Each structure stands twice: as structure tokens, then as C-alpha cells.
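**Student:** Just dropping this structure here.
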Amino acid sequence: MANNKIEDKINDFLCGIKQKDALDFVAFLRANELLEESDDSGYAWGIKYAGGVIKIAETEKELWIWFSDVMFGTECSADDELNHTIWDSVVICPQETCPSKRHCGCEGEVSGTVFGKAFESTCYFPLGFFSPDAKALENVKKLLLLFKEKRIIKQCTK
């Protein structure tokens with residue numbers, strides 16, 4: 001039977017500060033009713049809003065977070081720190097920036113504007129946080145709260 005509780009996966013595969021940061025992030029997700037159940041294999045968990053997915057990369061011993069619905073028009077704004085965290089985390093295809101070096105096969109099908117900055121050749125999951133530190137996770141929390149408050153509207157071109 002698959003281990004479907006994310007905290008158990010975190011404790012099994014992460015250690016030290018990575019484990020602490022991941023557990024704190026999951027506690028935030030639970031407190032804000034943002035965490036969805038895992039898939040049947042216990043491979044990934046959904047995050048409400050923004051097409052979010054959270055995974056414990058067992059082989060790499062890292063936390064990975066992806067968002068599919070993050071192409072925003074120029075009317076969206078955030079603080080500079082959040083903007084730069086988001087821009088630095090846009091996944092350009094083919095996914096050389098992905099630590100697993102696995103090519104998703106999307107060939108950069110999506111282009112659009114993310115918090116006022118134009119991007120081309122992004123993945124269909126255009127925002128990826130691979131082994132984020134505590135500061136990056138704080139910005140992911142800000143992003144999720146913006147979605148939850150419906151202060152961000154998806155605008156995407158394919």
C-alpha cells in the first residue's frame with residue numbers, strides 16, 4: 001500500500017533543514033485548506049489554485065512544487081521579492097532547468113506574461129520550485145494566498 005500522507009513522505013526522504021521547511025510548508029497548506037489528497041500512487045499531492053502540485057522527489061531527496069496556471073497579464077503585481085522569485089522559477093523548455101533533467105515533451109508550448117514580464121517557450125507547468133529554501137517557500141505562500149483571495153487572474157496564450 002502506498003504511503004499517502006505527505007508528512008510521512010517528508011520524514012522518510014528529507015532530512016535537516018529541507019525536512020523542517022517542507023513540514024512547515026505543508027502545515028501552511030493544511031491550515032489554509034490548500035492541500036489536496038495524493039494521487040493513487042502517493043506520488044504527488046494537489047495544491048488548490050494555480051494548478052499546483054507538490055511532490056517529494058525521493059531519488060533526489062528534494063521537495064518540488066509546480067504550477068500550471070500561472071501566466072498572468074501585466075495588471076497583476078506583487079512585491080519585488082515575490083516578482084523575482086516567480087521570474088527566477090519560470091521553467092523554460094526543454095527543461096534544462098529541471099533538476100531531474102527529464103524532458104516533459106511539451107517543447108515550450110506556452111508563452112505569456114508572468115507578473116509583467118514576458119516569457120516564451122515555457123513548460124505547460126511553467127512555474128517550478130525545485131528544492132526551494134525557506135525564503136522561496138515564503139514567496140510560494142504569498143502566491144497561493146493571492147490566488148486564494150482571487151487577486152490573480154489567469155491569462156495564458158498557447
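The values are calculated or read from the model by the stated rules, or taken from the named source; none is laboratory data. None of the values given here were measured: they were computed from a predicted structure. Backbone-built Cβ (ideal geometry, glycine too); neighbour counts: all protein chains shown.
**Student:** If you take just the helices (runs of 4 or more DSSP H) that sit entirely in segment 1-93, which of them hold at least 1 residues that are modelled with pLDDT of 90 or more and farther than 19 Å from Phe125 by Cα?
**Tutor:** 6-13, 16-31
**Student:** Which one is farthest from Ala44 (Cα to Cα), of the residues in segment 4-33 that are touching a residue at least 12 places away in the same chain (Cβ under 8 Å) and exposed (fewer than 12 other Cβ atoms within 10 Å of the Cβ)?
**Tutor:** Going through the qualifying residues, I end up with Ile17.
**Student:** Which pairs do you get when a residue that is on the phi > 0 side of the Ramachandran plot and outside any helix (DSSP H, G or I), found in segment 122-145, comes within reach of a residue that is surrounded by 21 or more Cβ atoms within 10 Å (Cβ to Cβ) and at pLDDT 90 or above, reach meaning Cβ atoms under 9 angstrom, with the pair 6+ apart or on two chains?
**Tutor:** Ser131/Leu63
**Student:** Only one residue in Lys141, Lys135 is within 23 Å of Phe13 (Cα to Cα), modelled with pLDDT of 85 or more, surrounded by 15 or more Cβ atoms within 10 Å (Cβ to Cβ) and among the basic types (Lys, Arg), so which one is that?
**Tutor:** Answer to the check: Lys141.
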